[in-house]
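Worksheet: one structure, shown below.
The values are calculated or read from the model by the stated rules, or taken from the named source; none is laboratory data. A quick note: this is a predicted structure, and the numbers were derived from the prediction, not measured. Glycine gets a Cβ as well: all are built from the backbone with ideal geometry, and neighbour counts include every protein chain shown.
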Amino acid sequence: MSDIGYTLKVFRQIGLMKPVMPHRIIGAGLQLAKWGPGFPSGVNAAAKRFPHQLAIIDDEGEITWSELSEQINQLTQALKNRGIEPGDSVALLCRNHRYMVIAMIAIMQAGGRVLLLNTMASGSQLGDLATREDAKLVVLDQEFLQVADKVDRDLLVLAWADDDAPADLPTITKLSAGQPTKGHPKPSRHGQIIIFTSGTTGLPKGARREEPADLKPLITFFGAIPYRGNATVVLAAPLFHSWGLINFGFGLSIAPTYVLRRRFDSAQVIHDIEERKAEALVVVPLMMQRMVDTDPEVIKAADVSSLKITASSGSALAGDLANQFMDTFTDSVYNFYGATETGWVTIASPKDLREAPGTAGVPPHRTTVKILDTDGKEVPRGETGVIHVGNDMPFGGYTDGNTKAFADGLMSTGDLGHFDENGRLFVSGRDDDMVISGGENVFPRELEDVLIDHPDIADVVVTGIPHPTLGHSLAAYVVVREGKTLTEQEIKDYAKERVARFAVPGKTMFLDELPRNPTGKVMKRELPEFD
């Protein structure tokens, strides 16, 4: 299919060719012409096209697209009154709710740089990042005040505030009160978003996420994950993370209704899908596992037949989780493999995941993926090498001036993998995670995928540890399901039947829980050491 044919097909799917009153189409077009592709145009165009449709349902209630746009305009003026100028940085430390959305887009309308901080940031990280990135303001939820003690109190603005909020701190609501709701002129500098990497091994790096210059990335995304216009989307993945953000940002073009909750609760998510007849759910794999583990009576009583898309990313799908989820709910899992820096690499459909469990899927439209060796040469299909990608999602580099490695014109993902005979990608793990044990190359993920399918194991991560004769061996950190018991020898025996001898864990440590960040990635630096 030609690019034009593909584009028209996607436009029909997402409702951009749906009949709308002419004055609303003109209004939306003017917003796009004014702001260009991006968050401000997305919200303002949605407000012109569907002013009375619900934009957000959150813990505070409901808000329409028109109301959301007006409140963003009010905060934009308030930020300007506080001295925020184009190019200034404003840090944002919030959970999923309307005030995070309002703040993020208002900062961009003022031409500022949005620093999206992880909600698990420590006080020292928050202080260091705010200083390093020269933040002029720090907008945060009240619950995070305890980690903001290293930040000048005059820089703080509360997003989500409770009844007992400190009287000396301004809130988004108070700053916006009485400000004009009319639109703002385009700033002299385009607003920018800085997403911080997971920081699983050190201080997070700021990654400049450039907004696309055209609609090509949007067409690719919706061509692979079949969202429909004006659908209800339960956005459970955190907005500060690239996965939650890309679904929110691209979703603006289809003017959905977003369901946002400050904290993830699997039973609440199931209820929201049923009550709102949600067609799409955006999650990280850990959330999928929590939903599968929800009280069976809650699952049985709920009607989630409206769910057509469960869009997952953020960390690897462990074991047979995708099929377990689809067996429990609906055949709806679309697994997105990519990273903050790379954007997408491959996307696996429900069909892919049913036919080839564990696959990362296939490259979507206008995406090139190659497996290269250490010399930058492409390896034959079936052989393992470093995954490299090229797509229409521009990466602006890290805020410290560095960027990712490139070879053959493609960006390195830092992951090792291979293509099968059907062109589906399989990811072995990070190239720096590979363990050489007794001369054999071993990937921790292979053992993780086996152990997580043990009926008595709730969670697991595998790492390499030094070994006196083999050089290194694998070690497993295991969380046992409540009410169950396991021994180290039982885990070894289970592994011996399913993996090669050099992939059997040499040691096992039992923990109450693994140290995971909000996107589900294990913070390996926080794992206890073996004796």
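Where in the stretch 261-301 are there helices (runs of 4 or more DSSP H), lying fully within it, with 1 or more residues that are in contact with a strand residue (DSSP E or B) (Cβ under 7 Å, 6 or more places away or on another chain) and in contact (Cβ under 8 Å) with a residue 60 or more places away in the chain? Walk me through it before giving the result.
On the way: elements: 266-276, 285-292, 296-301.
Where helices (runs of 4 or more DSSP H) fall fully within the stretch 261-301 and carry at least 1 residues being in contact with a strand residue (DSSP E or B) (Cβ under 7 Å, 6 or more places away or on another chain) and in contact (Cβ under 8 Å) with a residue 60 or more places away in the chain, they are 266-276, 285-292.
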Single unsatisfied condition, Gln109 versus (1) crowded, with 24+ Cβ neighbours inside 10 Å; (2) under 22 Å from the mean Cα position of the chain (by Cα): (2)
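Answer yes if at least one residue in the stretch 454-461 is surrounded by fewer than 18 Cβ atoms within 10 Å (Cβ to Cβ), within 25 Å of the chain's Cα centre (by Cα) and within 20 Å of Met523 (Cβ to Cβ), and no otherwise. Break it down into steps so the answer makes sense when it comes.
Looking only at the stretch 454-461, we keep the residues that are surrounded by fewer than 18 Cβ atoms within 10 Å (Cβ to Cβ), and these are 455-456, 458.
Narrowing further to those that are within 25 Å of the chain's Cα centre (by Cα): 458.
Retained after the next criterion (residues that are within 20 Å of Met523 (Cβ to Cβ)): 458.
Looking through the stretch 454-461, at least one residue is surrounded by fewer than 18 Cβ atoms within 10 Å (Cβ to Cβ), within 25 Å of the chain's Cα centre (by Cα) and within 20 Å of Met523 (Cβ to Cβ).
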Matching helices (runs of 4 or more DSSP H) fully within the stretch 15-83 where at least 2 residues are modelled with pLDDT under 95 and buried (at least 17 other Cβ atoms within 10 Å of the Cβ): 22-35, 39-49
Of the criteria (1) part of a helix (DSSP H, G or I); (2) in contact with a Ser or Thr (Cβ under 7 Å, 6 or more places away or on another chain), which one Leu115 fails: (1)
Residues within the stretch 131-149 that are more than 22 Å from the chain's Cα centre (by Cα), hydrophobic (A, V, I, L, M, F, W, C) and either assigned to a helix (DSSP H, G or I) or outside the structural domain of Ala103 (by TED's automatic domain parsing) (or both), tallied: 2
Looking only at the stretch 498-519, and only at residues there that are surrounded by fewer than 14 Cβ atoms within 10 Å (Cβ to Cβ), out of contact with any helix residue (DSSP H, G or I) (no Cβ under 9 Å at 6 or more places or on another chain) and not basic (Lys, Arg), the one that is nearest to Pro444 (Cα to Cα): Glu513
Number of the condition not met by Leu511 [criteria: (1) outside the structural domain of Asp453 (by TED's automatic domain parsing); (2) closer than 30 Å to Leu93 by Cβ]: (1)
Residue within the stretch 290-307 that is surrounded by 21 or more Cβ atoms within 10 Å (Cβ to Cβ) and either among the polar types (S, T, N, Q) or within 17 Å of the chain's Cα centre (by Cα) (or both) present: no
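Considering only residues that are more than 21 Å from Pro364 (Cα to Cα) and modelled with pLDDT of 60 or more, look in the stretch 401-415 and name the one that is surrounded by the most Cβ atoms within 10 Å (Cβ to Cβ). Reasoning before the result, please.
First, pick out the residues of the stretch 401-415 that are more than 21 Å from Pro364 (Cα to Cα): 401-405.
With modelled with pLDDT of 60 or more added as a condition, the list becomes 404-405.
Values: Lys404: 16, Ala405: 12.
Ranking the candidates gives Lys404 first.
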Near pairs, Cβ below 7 angstrom, 6+ apart or cross-chain, from the stretch 176-189 (surrounded by 14 or more Cβ atoms within 10 Å (Cβ to Cβ)) to any residue that is among the basic types (Lys, Arg): Lys186/Lys34
Residue list for the stretch 329-384, filter: small (Gly, Ala, Ser), in contact with a Ser or Thr (Cβ under 8 Å, 6 or more places away or on another chain) and within 17 Å of Phe419 (Cα to Cα): Gly338, Ala348, Ala360, Gly361
Residue in the stretch 268-276 that is within 18 Å of the chain's Cα centre (by Cα), crowded, with 16+ Cβ neighbours inside 10 Å and either in the same structural domain as Asp331 (by TED's automatic domain parsing) or at pLDDT below 95 (or both) present: yes
For Ser305: the one exception among (1) of a type in the set (Ser, Thr, Tyr); (2) more than 30 Å from Met523 (Cβ to Cβ); (3) touching a helix residue (DSSP H, G or I) at 6+ places or on another chain (Cβ under 8 Å): (3)
Residue in the stretch 313-326 that is polar (S, T, N, Q), at negative phi and not in a loop (DSSP other than H, G, I, E, B) present: yes
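Would you mind finding the one in Ser188, Ser198 that is of a type in the set (Gly, Ala, Ser), more than 30 Å from Val10 (Cβ to Cβ) and modelled with pLDDT of 90 or more?
Numbers: Ser198 fails: modelled with pLDDT of 90 or more.
It is Ser188.
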Candidate set: the stretch 314-356, residues that are at pLDDT 90 or above and within 19 Å of Val460 (Cα to Cα); chosen: the one surrounded by the fewest Cβ atoms within 10 Å (Cβ to Cβ): Asn323
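In the stretch 245-253, is there at least one residue being assigned by TED's automatic domain parsing to the domain that holds Ile347, assigned to a loop (DSSP other than H, G, I, E, B) and hydrophobic (A, V, I, L, M, F, W, C)? Steps first, answer last, please.
Restricting attention to the stretch 245-253, the residues satisfying the condition of being assigned by TED's automatic domain parsing to the domain that holds Ile347 are 245-253.
Going one step further and asking which of them are assigned to a loop (DSSP other than H, G, I, E, B), we end up with none.
No: the stretch 245-253 contains no residue that is assigned by TED's automatic domain parsing to the domain that holds Ile347, assigned to a loop (DSSP other than H, G, I, E, B) and hydrophobic (A, V, I, L, M, F, W, C).
Condition check: over 24 Å from Ala356 (Cα atoms), touching a residue at least 40 places away in the same chain (Cβ under 8 Å) and outside the structural domain of Ile387 (by TED's automatic domain parsing). Does Ile452 satisfy that? If you could, list the steps in order and put the result at the bottom.
Details: over 24 Å from Ala356 (Cα atoms): no; touching a residue at least 40 places away in the same chain (Cβ under 8 Å): yes; outside the structural domain of Ile387 (by TED's automatic domain parsing): yes.
So Ile452 fails the test.
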Within the stretch 423-449, tally of residues that are surrounded by fewer than 16 Cβ atoms within 10 Å (Cβ to Cβ), small (Gly, Ala, Ser), more than 19 Å from Val369 (Cβ to Cβ) and touching a residue at least 60 places away in the same chain (Cβ under 8 Å): 1
Only listed residue being in the same structural domain as Asn230 (by TED's automatic domain parsing), modelled with pLDDT of 95 or more and farther than 28 Å from Val292 by Cβ, chosen from Lys370, Lys308: Lys370
Positions within the stretch 122-141 being surrounded by fewer than 20 Cβ atoms within 10 Å (Cβ to Cβ) and among the small types (Gly, Ala, Ser), in sequence order: Ser122, Gly123, Ser124, Gly127
The lone exception for Phe144 - which of (1) crowded, with 20+ Cβ neighbours inside 10 Å; (2) modelled with pLDDT under 90; (3) over 18 Å from Ala339 (Cβ atoms); (4) hydrophobic (A, V, I, L, M, F, W, C) it fails: (2)
Meets criteria (within 28 Å of Arg263 (Cα to Cα), in contact with a Ser or Thr (Cβ under 6 Å, 6 or more places away or on another chain) and assigned to a loop (DSSP other than H, G, I, E, B)) for Gly483: no
